[in-house]
Amino acid sequence: MSLSKQEVVSLILGERRSNSAAQLEAEAFSPVNIALCKYWGKRDEVLNLPVTSSLSISLGQKGSRVRLSTGSGLADTIFLNDEPLPPESPFARRLSDFLDVFRPDPSVRFRVVAHNNIPTAAGLASSASGFAALVLALNQLFDWRAEKRELSLLARLGSGSACRSVFDGFVQWNAGNRPDGMDSFAEPIPAIWKELRVGLIVVSGETKSVSSRAGMKHTQETSPLYAAWPGKVAQDLNALHRAIANRDFELLGRTAESNALAMHATMMAAWPPLVYWQPESLAAMRQVHALREQRVPVYFTMDAGPNLKLLFLDKDEKSVRLAFPQMEVIAPFGSP
Ligand code: PMV
């Protein structure tokens, strides 16, 4: 039997859980993160506990800013990029369900004003930066003075990958094995790699038909290849740690690309099959491979959607841009 979110929040916050709002409004920012070794599959669906550990890179100044205040009324008021979200829309429901755990009393309503400075259409996990920023704002509003590890545990309850968006730079989310998930939090990997670049290639701005949540569940339940996934992750995590420690870009890129393709292979072997790729996704992959044949070290990763994220070094930005003129380039550690 899994613990409830309420029980786990009490474990994390203890007496601070009953703090009343210490200020009228709080504001916080969290970056988007891109997994180089993916989180794909849960051991607990309520607490978002993963089957394996994962490793990501946060995208610096690109992410979500959330302003939070309390009020009253019938429902929470939620704005995303200046548009009000209808309370019955799936994302508003998810946010309100998450906020239920933190209402000082059931009549309290929240006002959430969120801005993403990365187009939501870019298929980036903006829910990760959104939930992380929301938890940071809750921490200020209720004066929990929580440690980063506690904030990571709380963010995980909103969206698994959000636990990694609490930190900058390279981040590892440890799977842990406790049923209450108290050992399943993210930690920063102390390494700065100024030359690293992430390119965003949007091949389709349409909202995906199958959420990552539903996609990973379906894959776990029906794909015969899922059994091989934890072994692949163990290998890739090892390689990524070596790549980061030695600033071995080729190892980093190769590992991230192979990890993403292996994740997509588990989905394609599910039944009914789950294929997020569009013809344009495959065309972009071919272009990346063609660049590598011309000795431009560039690699891709993909999440549960059709868009590609490229990995390269600043010295190759010009060549990569020539092939992908529409690409948005991000320097996760700032420019040198
Ligand atoms: O945190 P969720 O439920 O949005 O799942 C994220 C899953 C992937 O983006 C596909 C992989 C990852 O590790 O971010």
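Observations on the structure shown:
- The range 8-29 - residue that is over 14 Å from A146 (Cβ atoms) and of a type in the set (G, A, S) and, of those, least open to solvent (accessible area, probe 1.4 Å): A21
- Residues that are away from the ligand (no atom under 16 Å from the Cβ) and surrounded by 18 or more Cβ atoms within 10 Å (Cβ to Cβ), drawn from the range 42-69: V66, L68, S69
- Residue satisfying all of: in the range 127-148; more than 16 Å from the ligand (Cβ to nearest atom) and more than 20 Å from L24 (Cα to Cα); nearest to the chain's Cα centre (by Cα) among these: K148
- Taken over the range 11-41, the criterion of being farther than 14 Å from A128 by Cβ, in contact with a strand residue (DSSP E or B) (Cβ under 6 Å, 6 or more places away or on another chain) and within 12 Å of the ligand (Cβ to nearest atom) is satisfied by L36, C37.
- Residues that are over 20 Å from A260 (Cα atoms) and not acidic (D, E) were ranked within the range 297-319; the one that is most open to solvent (accessible area, probe 1.4 Å) is K318.
- The residue pairs whose first member lies in the range 61-74 and is under 22 Å from A331 (Cα atoms), whose second member is among the hydroxyl-bearing types (S, T, Y) and part of a strand (DSSP E or B), and whose beta carbons are closer than 9 Å, counting only pairs six or more residues apart or on different chains, are G63/S30; S64/S30; R65/S30.
- Annotation note: Cβ proximity below 8 Å between a residue of the range 28-41 that is more than 20 Å from L196 (Cβ to Cβ) and a residue that is among the polar types (S, T, N, Q) and within 7 Å of the ligand (Cβ to nearest atom) (sequence gap 6+ or interchain) occurs for Y39/S54; Y39/S161.
- F79, sole failed condition from (1) buried (at least 20 other Cβ atoms within 10 Å of the Cβ); (2) part of a strand (DSSP E or B); (3) hydrophobic (A, V, I, L, M, F, W, C): (1)
- The residues on offer are R109, R103, R149, and the sole one that is open to solvent by 40 Å² or more (accessible area, probe 1.4 Å) and more than 27 Å from G41 (Cα to Cα) is R109.
- The residues listed here are G215, G158, G199; of these, the one that is closer than 30 Å to L322 by Cβ and either free of Cβ contacts under 8 Å to residues at least 24 places away in the same chain or crowded, with 17+ Cβ neighbours inside 10 Å (or both) is G199.
- Total residues in the range 155-172, condition more than 8 Å from the ligand (Cβ to nearest atom), outside any helix (DSSP H, G or I) and not aliphatic (A, V, I, L, M): 6
- Unmet criterion (only one of (1) assigned to a loop (DSSP other than H, G, I, E, B); (2) within 14 Å of the ligand (Cβ to nearest atom); (3) farther than 30 Å from V298 by Cα) for M182: (2)
The values are calculated or read from the model by the stated rules, or taken from the named source; none is laboratory data. Quick caveat, the model's predicted, so the values are computed rather than measured. Virtual Cβ from ideal backbone geometry, glycine too; neighbours counted across all protein chains shown. Calculation scope for accessible area: heavy atoms of the full protein, side chains included, ligands and nucleic acids excluded. Shrake-Rupley method; radii C 1.70, N 1.55, O 1.52, S 1.80 Å.
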